[in-house]
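Taking it in order: structure first as structure tokens, then the write-up.
Rule-based calculations on the coordinates, nothing more; no lab input. Just so it is clear, the model here is predicted, and its values are computed rather than measured. Positions of Cβ are backbone-derived with ideal geometry, glycine not excepted, and every protein chain shown enters the neighbour counts.
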Amino acid sequence: MAAQHRCIAIVGPFQGGKTALLEAILHRTGAIDRPGRTGARLGDTSPEARSHGMSVEPAFATTRFLGEAFTFVDCPGSIEFAHDLRAVLPACDAAIVVCEADARKLPALELILRDLEAAGIPRLLFINKAETAAGSLRDALALLQPASRVPLLMRQIPLIEGEAAVGFIDLALERAYAWREQARSEVVALPDGERAREKAERYTMLERLADHDDTLMEDLIAEVEPQADRVFSDLARELREGRAVSVLFGSAEHGHGVTRLLKALRHEAPGLAQTRARLGVAEEGAPLVQVMKTLHGGVSGKLSVGRVLRGAVHEGETVTGSGGGTARVAALTRLAGAGSTRVPEARAGEVAGFARLDPIATAETLSTGQAAPDALAALPAPEPVHALALRVRDRKDDVRLSATLAKLADEDPALLVEHRAELGDLRLSGQGEMHLRVSVERLASRFGIAVETERARVAYRETIRCPAEARARHKKQTGGHGQFADVALAVRPLPRGEGFWFEDEVVGGAVPRAYIASVEAGARAFTAKGPLGFPVVDIAVTLKDGAAHAVDSSDAAFQAATRLALEEALAKAGPVLLEPILAVTLAVPSGATAKATGLVTARRGQILGFDARPGWSGWDMVEALIPEAEMTDLIVELRSATAGIGTFTARFDHHAEVTGRAADAALGRPPLRKAG
């Protein structure tokens with residue numbers, strides 16, 4: 001039987017050390033000769049990642065350990081790039097969750113664990129930076145358990161010298177190990193002072209395993225020492241069935257605990273067969289691939305990164321996506337950070353780059369069969385929380401901009417590109433300030449398009465406060481047929497949300513029936529831009545009277561007269577500015593609820609209420625109404641107040657009258673100054 005090829009996601013909160021762990025793994029397995037962030041070759045390879053010192057897209061690297069192949073996927077930890085994580089997970093066999101024994105980062109860890117739970121991904125927890133957290137490691141289980149709805153299972157306890165952790169005691173093997181810099185740990189004698197604690201912690205671990213193993217429970221009751229094979233078999237079963245999350249610790253920076261982690265993955269992590277079962281993929285059938293990420297190069301074109309779930313795919317074969325698109329695989333590559341190696345085929349379990357699959361999107365399932373396969377995983381686009389208006393610096397790039405943004409949105413489905421004709425702008429929306437900043441930087445670095453950004457404009461409306469009437473005559477004689485129309489109009493306000501009404505009260509045929517439609521068309525056209533410069537809504541326009549000429553009247557003449565009458569009537573009716581009000585739901589850790597409500601009220605918002613977030617311990621939901629004009633940078637301040645993890649959803653609720661400084665700002669009026 002051929003050795004299996006596993007795919008393991010490396011996930012965890014922002015700045016937890018995921019990329020450092022990837023490089024430590026690659027160094028330990030001989031894939032690279034120098035670990036560490038400086039001079040990194042396989043993690044954070046893009047200019048944007050290096051510039052900001054953080055992962056901004058998944059990085060793929062394949063290595064071998066004790067004869068078995070592993071592809072590791074280093075996933076971004078920031079909530080702003082969580083969509084990439086969700087696209088990667090379905091095709092992975094398991095995940096390493098890199099975290100710290102730090103209560104301040106617990107909510108961020110909970111977000112990551114929820115995504116893994118939702119996708120049904122087995123996971124190991126790796127507590128990083130253990131050499132500086134000796135005290136907190138002792139209480140790590142109690143500290144971290146609130147973030148996980150699945151029980152955590154401590155597999156190790158720290159070996160302490162003074163105030164520092166210098167190694168670990170493996171509770172399954174009952175051995176002590178001393179860490180060595182960038183090398184395998186060394187077996188050492190178990191200190192006499194730690195024996196009692198080791199026995200107690202091991203018994204706690206075995207009790208947890210015995211919850212689903214009656215034989216082990218009988219051994220514990222009879223005080224019979226269980227066989228090592230049974231313990232490791234139970235650890236593997238608990239992991240694969242999602243009943244427990246094993247907790248290991250070490251230091252990615254110094255290479256501590258890496259070998260023990262790799263051995264746990266090799267012996268306990270599920271393989272491709274279990275992943276197929278989780279996704280509902282039959283063992284037999286046409287080759288099948290799950291697309292994990294889409295990449296667009298400036299010159300190299302489109303690359304779809306996917307994992308082969310069944311069979312083998314060869315260069316030159318035609319594949320069909322679950323979306324119905326068909327394409328020929330122009331080339332196959334094995335990825336290693338920014339580099340790649342061309343290969344003739346991709347076999348079951350392997351992760352490869354599939355070149356030039358232009359109609360295929362991220363999260364689609366591919367097959368070499370003639371029929372389109374069923375999609376194995378849904379990837380709904382998240383609602384945007386931040387937006388910018390874009391404008392090219394060089395007008396020659398104007399034509400290319402739309403096509404290039406479409407490529408970025410194909411690569412990153414969390415981006416939303418909108419051409420808003422009413423406001424005359426091109427709007428880019430996404431998951432936060434950094435998300436959009438990275439996207440703008442990619443436009444320049446990868447595609448050579450420099451853009452300027454500004455606040456996304458608000459689609460204001462206007463209406464009237466009171467009824468008014470006006471009469472206007474359009475008369476023009478230029479030789480030949482002239483132009484003549486006379487209309488008397490009345491306007492009145494309507495309740496919010498009623499839009500535009502047109503009524504005809506003409507009697508006696510003063511305005512011929514043929515021209516009444518022209519009056520309505522003229523009224524509708526005029527309301528596209530009212531006295532304040534915005535579309536007019538929630539008004540009724542009534543044609544009261546008028547006059548026509550048998551020869552000189554026309555559709556155009558009546559539309560012109562209508563515009564003149566409406567201009568006068570609306571000016572007398574008390575025009576008022578309306579702004580869109582959004583219904584906003586903020587999700588924040590409970591400790592930040594007061595800050596969140598303060599942000600709402602500071603933005604002319606109205607708090608509707610707040611309650612515990614259903615199913616989320618230690619989180620609240622705040623319901624509010626906030627003017628759209630005040631939403632700019634809300635996500636920036638909310639993330640600042642919540643250690644980077646707060647978020648919100650927003651939808652249009654209604655229009656409301658706006659006056660004072662807010663109206664002056666919308667209309668571009670200078671603020672009033674006090675006399676003297």
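With no solvent and one point on each alpha carbon, what is the Debye value of log10 I(q)/I(0) for the stretch 580-667 at q = 0.13, 0.19, 0.21, 0.25 Å⁻¹? With one equal scatterer per Cα and no solvent, log10 I(q)/I(0) is -0.41, -0.81, -0.96, -1.26.
For the stretch 66-112, GluC sites (Glu not before Pro) are listed when DSSP marks them as loop and at most 14 other Cβ atoms sit within 10 Å of their Cβ; the list is empty.
Among Lys544, Lys18, Lys293, Lys263, the order by Cβ neighbours within 10 angstrom, fewest to most, reads Lys263, Lys544, Lys293, Lys18. Annotation: amide H-H contacts under 5 Å for His386 (H modelled 1.01 Å from N, sequence separation of 5 or more, or interchain): Gly430, Gly432. Annotation: amide H of Lys529 within the under-5 Å range of Val536, sequence separation 5 or more or interchain, hydrogens built in the peptide plane. In the structure displayed, which of Lys475/Lys529; Lys105/Lys407; Lys476/Lys544 lie more than 29 Å apart, Cα to Cα? In this structure, Lys105/Lys407 lie more than 29 Å apart at Cα.
Volume per residue of the convex hull around the Cα atoms, evaluated for the stretch 448-519, comes out as 254 Å³. Counting every Cα pair in the chain, what percent are over 51 Å apart? In whole percent, the share of Cα-Cα pairs in the chain beyond 51 Å is 29. Here the simple spin-label model places points 7 Å from the Cα toward Cβ, and for Thr632 and Phe652 these points are separated by 2.0 nm.
Each of His419, His27, His549 was scored by other Cβ atoms within 10 Å of its Cβ. Listed from fewest to most, they are His419, His549, His27. Residues whose amide H lies under 5 Å from that of Leu152, counting only those 5 or more places away or on a different chain, are Val245; hydrogens are built 1.01 Å from N in the peptide plane.
Using DSSP to define loop residues, name the GluC sites (Glu not before Pro) in the stretch 183-231 whose beta-carbon has at most 13 other beta-carbon atoms within 10 Å. Numbers along the way, then the final one.
Numbers: sites: Glu186, Glu194, Glu198, Glu201, Glu207, Glu218, Glu223; in loops: Glu223.
Answer in residue order: Glu223.
Cα centroids of the stretch 477-555 and the stretch 94-150: 67 Å apart.
Can you list, largest first and rounded to whole Å, the semi-axes you get for the stretch 386-455 by taking the square root of 5 times each eigenvalue of its Cα gyration tensor?
Working: eigenvalues 49, 44, 26 Å².
So the three semi-axes of the stretch 386-455 are 16, 15, 11 Å.
Taking each DSSP H run with n ≥ 4 as -39500 (n - 2.57) and averaging over every residue of the chain yields -8500 deg cm²/dmol at 222 nm. Our coupling estimate for the stretch 557-565, obtained by passing each phi through the Karplus curve with A = 6.51, B = -1.76, C = 1.60 and θ = phi - 60°, is 5, 5, 5, 5, 5, 4, 4, 5, 5 Hz, Gly and Pro reported as x. The modelled label-to-label distance between Leu667 and Ala286, using points 7 Å beyond Cα along the C-beta direction, is 6.4 nm.
If you keep only loop residues by DSSP, which GluC sites (Glu not before Pro) in the stretch 497-566 have at most 10 other Cβ atoms within 10 Å of their Cβ? Don't jump to the answer; show the numbers that get you there.
Numbers: sites: Glu498, Glu503, Glu505, Glu520; in loops: Glu498, Glu505.
Loop-located and lightly packed - Glu505.
Rounded to 0.05, the FRET efficiency of the Ala228 and Thr341 pair, given R0 = 41 Å and the Cβ-Cβ distance, is 0.55.
In terms of Cα atoms, the Rg and Dmax of the stretch 462-573 work out to 13.7, 47 Å.
Cβ crowding within 10 Å ranks Arg395, Arg604 as Arg395, Arg604, fewest other Cβ atoms first. Couplings 3J(HN,Hα) for the stretch 531-542, derived from phi with the Karplus relation 6.51 cos²θ - 1.76 cosθ + 1.60 (θ = phi - 60°), are x, 8, x, 10, x, 9, 10, 6, 9, 10, 10, 10 Hz, where x marks Gly and Pro.
DSSP bridge analysis restricted to the chain gives an antiparallel fraction near 80%, rounded to the nearest 5.
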